[in-house]
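Just below is one structure, and these are the notes that go with it.
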Amino acid sequence: MSAVHYDSYTEARAHLKDLLDAAEKGLVATVRRDSATTAVVDVERLRHFLASIVPSRAQVVPEAGGWSVFVPGLPVAADGASFDEAVTKMVVALREYAEDWQQRLLDAPNHRDNWGLVQLISFSDDEQLRDWLVGAAR
């Protein structure tokens, strides 16, 4: 099997299994609709790629007998009595940010470039997101 491309939604729908099989194998798989072409990509492959190119930049600092986690440039932070608690709360805060981004921030000038981060957050489970935050991304 090689790359697959369908020039219409109807054609792609008729060959959905081939489209999904190609994406799961990591092959180029696209669908054209009107003037836009959309790629179909296996989520785990995309998550792994995003984790490798989107740096966490998270900073964890001891503060007032506990720990604080923040990401410079993002309105996201969390505090906890222990390092683990602070990181766990940061995972929750990142998920809330991703939800807010999808609902209302995606077109805001100071947030629109966070598309890759939001995808990474959405495609990661809590353990994967935690590993990415603390620098153990797989």
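Coordinate-derived values only; no laboratory data. Everything numeric in this text was worked out from a predicted model, so none of it was measured. Neighbour counts are summed over all protein chains in view; Cβ atoms, including those assigned to glycine, are modelled from backbone coordinates with ideal geometry.
Table for the structure above
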quantity: Residue within the range 94-112 that is over 11 Å from Leu133 (Cβ atoms), small (Gly, Ala, Ser), outside any loop (DSSP other than H, G, I, E, B) and in contact with a strand residue (DSSP E or B) (Cβ under 9 Å, 6 or more places away or on another chain) present; calculated: no
quantity: Options Val43, Val71, Val76, Val54; residue that is touching a residue at least 40 places away in the same chain (Cβ under 8 Å) and more than 29 Å from Ala12 (Cα to Cα); calculated: Val54
quantity: Matching residues, the range 61-93, being assigned to a strand (DSSP E or B), buried (at least 17 other Cβ atoms within 10 Å of the Cβ) and in contact with a Lys or Arg (Cβ under 8 Å, 6 or more places away or on another chain); calculated: Val69, Ala78, Gly80
quantity: Flag if Val91 is touching a helix residue (DSSP H, G or I) at 6+ places or on another chain (Cβ under 7 Å), within 30 Å of Leu133 (Cβ to Cβ) and touching a residue at least 24 places away in the same chain (Cβ under 8 Å); calculated: yes
